[in-house]
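Notes follow once the structure below has been shown.
None of the figures in this text is laboratory data; all of them are computed from the coordinates on show. Just so it is clear, the structure is predicted and the values come from calculations on it, not from any experiment. For neighbour counting, all protein chains shown are included, and Cβ atoms are generated from backbone atoms with ideal geometry for every residue, glycine included.
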Amino acid sequence: MPTGKVKWYDKEKGFGFLAAEDGQEVFLPKTSLPAGVTELKAGTRVEFGVADGRRGAQALGLRVLEKTPSIAKAKRMNAKDLAPMVQDLVTVLDNLSGSLSSGKYPDGNKAKAISMALRKVADELEA
């Protein structure tokens, strides 16, 4: 079976292209993805069968050989450094809950700061 790397894959469109080791570009429909795989990152090494499709070579029976390491995970904050940020955020959200229960939204600057802190923690957790 030929091997290669994912050039790109668009989950929303349901297809992408592979770069085979022999230089051939191969169409990758979502129907060729292994069970449980819904997304592939560029650079992921794969093994696949090839058939002639309407527009050229098409991948069949794709198998992921090795996943590309997550850059986001490699760059994310140390968990011990994130813990105090989460604790502070809990305090801020507890105070916010009291204000909201009283029928008051925070002013623009305070609301923006809270939103930014929530996004930062969410980004670190999601990486």
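Below is a table of values for the structure above.
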read-out: Subset of segment 91-124 [under 20 Å from ARG76 (Cβ atoms) and either surrounded by 12 or more Cβ atoms within 10 Å (Cβ to Cβ) or of a type in the set (Val, Ile, Thr) (or both)]; value: ALA117, LEU118, LYS120, VAL121, ASP123, GLU124
read-out: Yes/no for GLU12 being loosely packed, with under 14 Cβ neighbours inside 10 Å, farther than 30 Å from GLY108 by Cβ and more than 23 Å from the chain's Cα centre (by Cα); value: no
read-out: Residue count for segment 23-36, restricted to those that are touching a strand residue (DSSP E or B) at 6+ places or on another chain (Cβ under 9 Å), exposed (fewer than 13 other Cβ atoms within 10 Å of the Cβ) and aliphatic (A, V, I, L, M); value: 0
read-out: Answer residue from segment 33-91, given it is touching a helix residue (DSSP H, G or I) at 6+ places or on another chain (Cβ under 7 Å) and part of a loop (DSSP other than H, G, I, E, B) and is nearest to GLU21 (Cα to Cα) among those; value: ARG76
read-out: Flag if ALA20 is crowded, with 16+ Cβ neighbours inside 10 Å, of a type in the set (Gly, Ala, Ser) and touching a Pro at 6+ places or on another chain (Cβ under 7 Å); value: yes
